[in-house]
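Structure first, then comments.
The values are calculated or read from the model by the stated rules, or taken from the named source; none is laboratory data. As the structure is a computational prediction, the values presented were derived from the model and not from experiment. Cβ atoms come from the backbone with ideal geometry, glycine included; neighbour counts cover every protein chain shown.
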Amino acid sequence: MKYPVVLTNDGGRRVSFCLALFAAAVAMIAALLLAPAPPPARAVNLKLIYVGAEDCAPCRVWQHNDGAAFRRSAEFSRITYIEVKAARLHDVLKDETWPEEIRGLKTRFKKSDGVPLWLVVSNDEVVEQRFGAASWRANILPAIQSALR
């Protein structure tokens, strides 16, 4: 049995439409594949520097409470933590108390600055520096959380 061949006036238009649709789909796929990738999120090299002393009561309180909680947090695993801890309060600014790679930061402090003291360093720039127990929750922790967003 033979099937009749039916020719219509719009047969050429259908083929042209299908080819145009196919070409548009290929162009869209190519544009997506060849488009430049968005720039990667800026990597943050974040450091928290804690400065304290063994004979400093507010330092011990921070170490055992807020400091311990922070060391267990998800944020802590995303930063570099450096502790500058002197045996006695009056030794806090002595060279031997400070790791050599951050010793230059001591020039930022006045003798009147107290401890505990924190510096938040993002990509080698100090973005927050505070001292006093209340500063941890009011300034330092929010600065860390903001920098990690």
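With respect to the conditions (1) under 14 Å from V44 (Cβ atoms); (2) out of contact with any Leu (no Cβ under 6 Å at 6 or more places or on another chain), A147 falls short on a single one, namely (2).
Can you find a residue that is modelled with pLDDT under 95, in a loop (DSSP other than H, G, I, E, B) and of a type in the set (S, T, N, Q) anywhere in region 34-47? Please lay out each step first, then the result.
Of the residues in region 34-47, the ones modelled with pLDDT under 95 are 34-45.
Within this subset, residues satisfying the condition of being in a loop (DSSP other than H, G, I, E, B) are 35-45.
Still in the list and also of a type in the set (S, T, N, Q): 45.
The answer is yes; a qualifying residue exists.
Which one is nearest to K85 (Cα to Cα), of the residues in region 102-149 that are hydroxyl-bearing (S, T, Y) and surrounded by 11 or more Cβ atoms within 10 Å (Cβ to Cβ)? Among those residues, the one meeting the criterion is S135. Is one or more of the residues making up region 86-99 touching a Pro at 6+ places or on another chain (Cβ under 8 Å), modelled with pLDDT of 95 or more and closer than 25 Å to A147 by Cα? No, that holds for no residue.
Pick from region 102-149 the residues that are part of a loop (DSSP other than H, G, I, E, B), closer than 23 Å to P58 by Cα and hydrophobic (A, V, I, L, M, F, W, C): which of them is modelled with the highest pLDDT?
Within region 102-149, the first condition is being part of a loop (DSSP other than H, G, I, E, B), and the residues that meet it are 109-116, 123-124, 132, 148-149.
Okay, now just the ones that are also closer than 23 Å to P58 by Cα, so 109-116, 132.
Filter once more, keeping what is hydrophobic (A, V, I, L, M, F, W, C): 109, 115.
On the way: F109: 92, V115: 96.
Ranking the qualifying residues of region 102-149, first place goes to V115.
Of everything in region 72-101, what is charged (D, E, K, R), part of a helix (DSSP H, G or I) and surrounded by 12 or more Cβ atoms within 10 Å (Cβ to Cβ)? Give them in sequence order. Talk me through it step by step, then tell me what you get.
Pass one, region 72-101, residues charged (D, E, K, R): 72, 75, 78, 83, 85, 88, 91, 94-96, 100-101.
Next cut, part of a helix (DSSP H, G or I) only: 78, 91, 95-96, 100-101.
If the condition is that a residue be charged (D, E, K, R), part of a helix (DSSP H, G or I) and surrounded by 12 or more Cβ atoms within 10 Å (Cβ to Cβ), then R78, D91 are the ones that fit.
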